[in-house]
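What follows is a set of notes on a single structure, which appears directly below.
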Amino acid sequence: MVSSAPFSWVKTIHRAIKCPGRRYYFWWRIANYLYLSKRHRKLAIRLSRKLRNKYACDIHPGTQIGVGLRISHFVGIVISHRCIIGESFHIKQNVTIGVRHINQSGHIHIGDKVEVGANSCIIGDDITIGSNVVIGAMTFVNKDVPDNAVVLNKKEMTIIPLEV
């Protein structure tokens with residue numbers, strides 16, 4: 001729940017109730033636990049649907065995400081259940097991380113301390129993105145990315161002056 005203090009259920013529940021920005025993380029982690037422990041998958045899917053409808057953020061409850069998940073803007077985020085994401089993952093709005101085919105066996109592995117810019121897509125069969133990687137805004141990634149890299153979509157900006 002984004003704190004440097006030792007873990008406490010009282011503080012966690014207090015933050016989930018009083019801080020609207022942290023409610024999503026709290027309820028998604030509960031849905032994630034229920035789904036991965038295979039105890040109450042139907043309840044986990046129901047929680048996930050309610051979160052998706054309220055926040056417009058579709059992170060499958062079966063996705064494995066380490067501690068330190070940070071979402072700048074919840075709108076338009078889609079993350080498949082075929083993703084394994086490390087710690088301190090920062091994601092911005094309108095990002096899709098998923099697989100090409102529903103029946104594929106590969107996963108998308110994302111390392112620690114990765115930041116994904118707005119309107120980016122990470123799509124592929126078996127992709128590995130290293131640790132300490134920054135993926136720029138409006139970037140399409142379909143290949144492996146090594147550690148300590150910056151991935152940018154090179155575009156030329158053209159300014160055309162208006163004639164009066």
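Some points to look at:
- Within the stretch 7-22, residues that are over 19 Å from LEU51 (Cα atoms) reach partners that are hydrophobic (A, V, I, L, M, F, W, C) with beta carbons closer than 8 Å, at six or more positions or on different chains, in the pairs LYS11/MET1; LYS11/ALA5.
- In summary, ASP125 fulfils each of the numbered conditions (1) charged (D, E, K, R); (2) within 24 Å of CYS57 (Cβ to Cβ); (3) surrounded by 14 or more Cβ atoms within 10 Å (Cβ to Cβ) with the single exception of condition (2).
- Residues in the stretch 26-52 that are in contact with a strand residue (DSSP E or B) (Cβ under 8 Å, 6 or more places away or on another chain) and closer than 15 Å to GLN64 by Cβ: TRP28, ASN32, LEU36, SER48.
- The number of residues in the stretch 69-89 being in a strand (DSSP E or B) and either crowded, with 22+ Cβ neighbours inside 10 Å or not charged (D, E, K, R) (or both) comes to 7.
- Just one residue in the set LYS18, LYS92 is of a type in the set (Lys, Arg), out of contact with any Asp or Glu (no Cβ under 9 Å at 6 or more places or on another chain) and open to solvent by 30 Å² or more (accessible area, probe 1.4 Å); that residue is LYS18.
- Residues in the stretch 21-55 that are among the hydroxyl-bearing types (Ser, Thr, Tyr) and open to solvent by 80 Å² or more (accessible area, probe 1.4 Å): TYR33 only.
The values are calculated or read from the model by the stated rules, or taken from the named source; none is laboratory data. From a predicted model like this one, the values you see are computed outputs, not experimental measurements. Every residue, glycine as well, gets a Cβ built from its backbone with ideal geometry; the counts of neighbours run over all protein chains shown. Note: areas computed on protein heavy atoms with side chains; ligands, DNA, RNA excluded. Shrake-Rupley method; radii C 1.70, N 1.55, O 1.52, S 1.80 Å.
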